[in-house]
Amino acid sequence: MRFRTSKTTFFEIAAGLTAPDAGRVRVEGDEGVAPQHLALYPSVTVRETLRLFGGLAGLRGRALAAAVASTAEELALTGVLDRRVGVLSGGQQRRTQAATALLPEPEVLLLDEPTAGSAWPPEPLPAAASAGAGGVPGPSDVNSCPISGRMLACLTPEP
């Protein structure tokens, strides 16, 4: 029996957002998830967004402030921390979305098409490498995948 699924469906199942029709996916470790479609509030600032997602991940006080500062620096967001997400460029919004997944330094990083519609990133994500996160590439061209560190899985279409 053959099972076929899209990368987005795999991400949704691995993240626990969708139940598989058959079989199962087991993710070992804490995961950071950034879906393909932007899941950001346009009327709040980047700083407020990062504080919200960091708080949801269990970060508090100084640990939260440090994670926001270091993640913003790593993803070149320090200059826009106090700007509303809705007025950012597409690349800045993509970086903000990725930052929400990277804040708690997850063991498994799931980024679904993190560069869609933007020229970002020119280099691999530094936080993923420093955290040693594994990842599943979202782009169809694995060579353009912005995930550093070890590869958890690679989905490629059948010919």
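The values are calculated or read from the model by the stated rules, or taken from the named source; none is laboratory data. These numbers come from a predicted model, not from an experiment. Don't worry about glycine lacking a Cβ; one is built from the backbone with ideal geometry, like all the others, and counts go over all protein chains shown.
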By residue number, the members of segment 31-70 that are under 13 Å from the mean Cα position of the chain (by Cα) and either assigned to a loop (DSSP other than H, G, I, E, B) or at pLDDT below 90 (or both) are 31, 32, 33, 34, 35, 36, 37, 38, 39, 40
Item to complete: Could you tell me whether residue 11 is at pLDDT below 80 and within 24 Å of residue 116 (Cα to Cα)?
Response: yes
If you go through 60, 24, 51, 94, the only one that is basic (Lys, Arg) and in contact (Cβ under 8 Å) with a residue 24 or more places away in the chain is 94
Here the residues within segment 45-83 that are farther than 21 Å from residue 109 by Cα and of a type in the set (Ser, Thr, Tyr) are 45, 78
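Taking the options 16, 29, 58, 54, name whichever one is surrounded by fewer than 18 Cβ atoms within 10 Å (Cβ to Cβ), out of contact with any strand residue (DSSP E or B) (no Cβ under 9 Å at 6 or more places or on another chain) and of a type in the set (Gly, Ala, Ser).
On the way: 16 fails: out of contact with any strand residue (DSSP E or B) (no Cβ under 9 Å at 6 or more places or on another chain); 29 fails: out of contact with any strand residue (DSSP E or B) (no Cβ under 9 Å at 6 or more places or on another chain); 54 fails: surrounded by fewer than 18 Cβ atoms within 10 Å (Cβ to Cβ).
Being surrounded by fewer than 18 Cβ atoms within 10 Å (Cβ to Cβ), out of contact with any strand residue (DSSP E or B) (no Cβ under 9 Å at 6 or more places or on another chain) and of a type in the set (Gly, Ala, Ser) holds for just one of 16, 29, 58, 54, which is 58.
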Taking segment 6-21 and keeping residues in contact (Cβ under 8 Å) with a residue 40 or more places away in the chain and part of a loop (DSSP other than H, G, I, E, B) leaves 15
Exactly one of 75, 81 is touching a helix residue (DSSP H, G or I) at 6+ places or on another chain (Cβ under 7 Å) and either of a type in the set (S, T, N, Q) or under 20 Å from residue 30 (Cβ atoms) (or both), and that residue is 75
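Looking for whichever is over 15 Å from the mean Cα position of the chain (by Cα), closer than 19 Å to residue 40 by Cα and either of a type in the set (Gly, Ala, Ser) or at pLDDT 50 or above (or both) here; the options are 109, 81, 103, 75. Which one fits?
Working: 109 fails: over 15 Å from the mean Cα position of the chain (by Cα); 103 fails: over 15 Å from the mean Cα position of the chain (by Cα); 75 fails: over 15 Å from the mean Cα position of the chain (by Cα).
Being over 15 Å from the mean Cα position of the chain (by Cα), closer than 19 Å to residue 40 by Cα and either of a type in the set (Gly, Ala, Ser) or at pLDDT 50 or above (or both) holds for just one of 109, 81, 103, 75, which is 81.
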*Looking at this structure, is residue 94 buried (at least 24 other Cβ atoms within 10 Å of the Cβ) and modelled with pLDDT of 80 or more?*
yes
